[in-house]
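Data block below; observations after.
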Amino acid sequence: MNIESGQLLFYVSGSIAVLASLFVVTNKNAVHALLYLVVSLLALAMCFYLLGAPFAAALQIIVYAGAIMVLFVFAVMIFNINQTDIDREQQWLTWQSWVGPSLLAMILLGEIVFVLLSQQNWATNPSSVTQIELVDARAVGSLLFGPYLLAVEIASFLLLAGLVGGYHLAKELPKKTTTQGGSQ
Amino acid sequence: MTVPIEHGFVLVALLWAIGLVGLLSRKNTLFMLMSMEIMLNAGALAFILAGSLWQQADGQVIYILILSIAAAEVGLGLALLIRLRQHIGDLDIDKLDEMKG
């Protein structure tokens, strides 16, 4: 079985996503972790594109790596994370406490990989996507505003609730309620 | 191009597990939020994979819905963290044991 260039690209960007996610989880500095998270999201966008979903890839870059990450960066700026935060995270990340659980988890991971690889009946075509075809934005849009119209409406309600809740939570507290909350 | 679908699902499982480990092991709520983003992304990748397996646009539709859920979750979560920082002056999840649960 020869490895084509697209397949190679998929594996490379997939391993970049896994590595960057690992760095996000093990990093002590919040800004560095955010940078790795952006890399992970971009690698996943590459995976989406290679799987024949260019619309999802574009959305991943615009919304996730653009908007949501900017939100995170502004929040980190407001939080003003100092050395005590970094030191406290350090004590949870010593490698001695991770050896045993990681070893056992690796065995379980091996079992999952084995089961997935030995499974031969995926849908109608066995063992592989025969030829990845493009699913373009037109098909997604006509499906989104056809059978899934109710889901779009519910998502808009969700975003409105998120907007109102975010405004309510992050605004300045009035003075008398803060003293009341502090005394309890 | 042919990518065996099992390899894609192995990638999904790996990413999801990394996100779960981060969520369980970190004490900083900001990092917990980031780990949840990784887990949501793993779920989205699973839907895109299924969509390309059956050559249907449904996977990408569900991906868009996941994207809007993630946006709302991040907005509310970061607002909560800002309030937390004002309230207890810290982002440590262990300091939130007022309810003694």
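The values are calculated or read from the model by the stated rules, or taken from the named source; none is laboratory data. None of the values given here were measured: they were computed from a predicted structure. Cβ sites come from the backbone with ideal geometry, for glycine too, and all protein chains shown count toward neighbours.
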message: Can you confirm whether residue A:125 is more than 20 Å from residue B:14 (Cβ to Cβ), within 9 Å of chain B (Cβ to nearest Cβ) and either surrounded by 13 or more Cβ atoms within 10 Å (Cβ to Cβ) or at pLDDT 70 or above (or both)?
response: yes
message: One residue is enough: does segment A:20-38 have a residue meeting the conditions over 20 Å from residue A:72 (Cα atoms) and in contact with a helix residue (DSSP H, G or I) (Cβ under 7 Å, 6 or more places away or on another chain)?
response: no
statement: Of the residues in segment B:43-101, those that are more than 18 Å from residue A:64 (Cβ to Cβ), assigned to a helix (DSSP H, G or I) and more than 7 Å from chain A (Cβ to nearest Cβ) come to B:50, B:84, B:86, B:87, B:88, B:93, B:94, B:95
- prompt: Mind checking whether some residue in segment B:25-33 is at pLDDT 90 or above, part of a helix (DSSP H, G or I), in contact with a Lys or Arg (Cβ under 6 Å, 6 or more places away or on another chain) and surrounded by 18 or more Cβ atoms within 10 Å (Cβ to Cβ)?
  reply: yes
query: What pairs can you find where one residue is in segment A:165-184 and closer than 26 Å to residue B:74 by Cα and surrounded by 11 or more Cβ atoms within 10 Å (Cβ to Cβ), the other is of a type in the set (Gly, Ala, Ser) and at pLDDT 50 or above, and their Cβ atoms are less than 7 Å apart, with a gap of 6+ or different chains?
result: A:165/B:79; A:166/B:75; A:166/B:79; A:169/B:79; A:170/B:79
query: What helices (runs of 4 or more DSSP H), lying completely within segment A:1-99, carry at least 1 residues that are among the acidic types (Asp, Glu) and more than 16 Å from the chain's Cα centre (by Cα)?
result: A:83-92
task: Among the candidates B:45, B:65, single out the residue that is modelled with pLDDT of 85 or more, touching a Gly at 6+ places or on another chain (Cβ under 8 Å) and of a type outside the set (Asp, Glu).
output: B:45
task: Would you confirm whether any residue within segment B:76-83 is over 27 Å from residue A:29 (Cβ atoms) and either among the β-branched types (Val, Ile, Thr) or crowded, with 20+ Cβ neighbours inside 10 Å (or both)?
output: no
First in segment B:1-29 and facing chain A (nearest Cβ under 7 Å), second anywhere and aromatic (Phe, Trp, Tyr) and in a loop (DSSP other than H, G, I, E, B), Cβ under 6 Å, 6 or more apart: B:5/A:122
Filter pass, residue A:39 being more than 7 Å from chain B (Cβ to nearest Cβ), under 15 Å from residue B:7 (Cβ atoms) and of a type in the set (A, V, I, L, M): no
